[in-house]
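The values are calculated or read from the model by the stated rules, or taken from the named source; none is laboratory data. These figures come from a predicted structure and were not determined experimentally. Here Cβ is always computed from backbone atoms with ideal geometry, including for glycine, and neighbour counts include all displayed protein chains. Note: areas computed on protein heavy atoms with side chains; ligands, DNA, RNA excluded. Shrake-Rupley method; radii C 1.70, N 1.55, O 1.52, S 1.80 Å.
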Amino acid sequence: MVAGPGKIRGLAALALTGLLLVPLAAIPADPHAGHGQEAAADSRHPIPLDAREKNFLLSEMREFLAVSQHILAASQAGDMKAVAAAARSVGLKAHRDDFTNPASIVQGIRKKAPQEFLPLGKATHAGFDEIADIAEQIGDKDAVNNLLADNMRRCVACHAGYRVADGH
């Protein structure tokens, strides 16, 4: 028996509805439910930093967030020069001294953090350079936004795996 076009469209619509609803089932009705329990059982790896190191790291993360917002807004406006300038400001090339200077604060953090931590930060800086390159060379906002999404996945992975602890 061969299904007619109307039946196929109906089955396709039903399947699509199911695919759209499955992710919604994973979202709790109360977005704040369980927050207290998560805080009590924080299993992220603590990185014990002194006040200066902690301030440096948190400031850098806030800068990543602000630049990401600027990139997104500039990309949506089609201003690839602004995208490139914002991305370059936090790129690896602009912060190479932080990673290569033995006396830099980054080297102090490197000594206290797990081996996998610093490559995430370095890759995030390099990701911003890649965004700048694509903005300058291609000027495609979809490509820029996809690279920004990839870079933000690094931010999410870092925040999911690590936390700053007071090291005194």
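In straight-distance terms, cross-link reach from Lys93 covers every one of the lysines whose alpha-carbon lies under 20 Å from its own, apart from those fewer than eight places away in the same chain; here that gives Lys81, Lys122.
Computing the accessible area with a 1.4 Å probe over protein heavy atoms, can you report the carbon and sulfur percentage for region 61-168? Percent of accessible area from carbon and sulfur atoms in region 61-168: 55. Heavy atoms of the protein chains alone define the surface here; on that basis region 90-168 has 55 Å² accessible area per residue at 1.4 Å probe size.
Computed from the C-beta positions of Asp166 and Asp79, the FRET efficiency with R₀ = 45 Å rounds to 0.65. When the charge dipole of region 82-168 is built from unit charges on Cβ atoms (+1 for Lys and Arg, -1 for Asp and Glu) and taken about the Cα centre, the candidate among Ala82, Ile109, Ala149 whose Cα reaches farthest toward its positive end is Ile109. When the residues Val90, Val164 are ordered by accessible surface, computed with a 1.4 Å probe over the protein chains alone, the sequence from largest down reads Val164, Val90. Amide hydrogen proximity for Arg163: with H placed 1.01 Å from N in the peptide plane, the residues at 5 or more positions away or on another chain lying under 5 Å are His45, Ile47.
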